[in-house]
Amino acid sequence: MAQGKWTALIALVAGLWVAVAALPWGFSTNQAAVWNDLIVGLAVAILGLARIFDARVWTSIAILVLGFWLAIAPMVLGYSLNYGAFINSLLFGVLIAFLGFWSALVVDNPRLPHLPTVFASAEPTEEERERPY
C-alpha cells in the first residue's frame, strides 16, 4: 500500500467506528451526540475511502478538520458529562485529526523520506544499492 494510504484506511475504519459507536456507548440520552457522531463518522469514512483511491490533499485536510471537530464536539454540543461519549469522541477525534495531518503531509511530497512498503520486491533497486547505510 502506498505511503499515506494506510492512514486513510485507518481513518476509514475509525470513521465507521465513530458512526456506529453512538448507541453501544450510551449516547442515546443526547441526540446531538448521536447525530454528530453518525454524520462525522460517515463523512470521515467516505473521505478516507476517497483518499485511498485519489490522493488529493483536500481529502486529508477535511479529515483533519473533522477529527478536530470530533475532539471538541463534546464541549461544544454539551455532552462532555457523558463519560463514554466524551472519551470516545476525544480519543477518536485526536486519532482522526492526526491521521488527516499525516496523510496531508505525505501527499506528493518528495522531500519526505519514503517508508518501506510491505510488498516491495526482494531485489534492491539501483538507488538502494548505492545508498550508504
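Compared with the direct C-alpha span, the chain from Gln31 to Val65 gains 10.0 nm at full extension, assuming 0.36 nm per residue. Straightening the chain between Leu105 and Leu49 buys 18.4 nm, computed as 0.36 nm per residue apart minus the Cα-Cα spacing.
What does the C-alpha gyration tensor say about the overall shape of the stretch 6-68? Classify as rounded when a/c is under 1.5, otherwise prolate if a/b is larger than b/c, or oblate. Present the calculation step by step, with values, prior to reporting the outcome.
Numbers: a/c = 3.29, a/b = 2.20, b/c = 1.49.
The shape class here is prolate.
In this simple spin-label model, placing a label point 7 Å from the Cα along the Cα-to-Cβ direction at both Leu16 and Glu130 gives a separation of 4.3 nm.
Readers should treat all values here as calculations from the given coordinates under stated rules, not as data from a laboratory. All figures in this text were calculated on a predicted structure; none of them were measured in a lab. Glycine also receives a Cβ, built like all others from the backbone with ideal geometry; neighbour counts cover every protein chain displayed.
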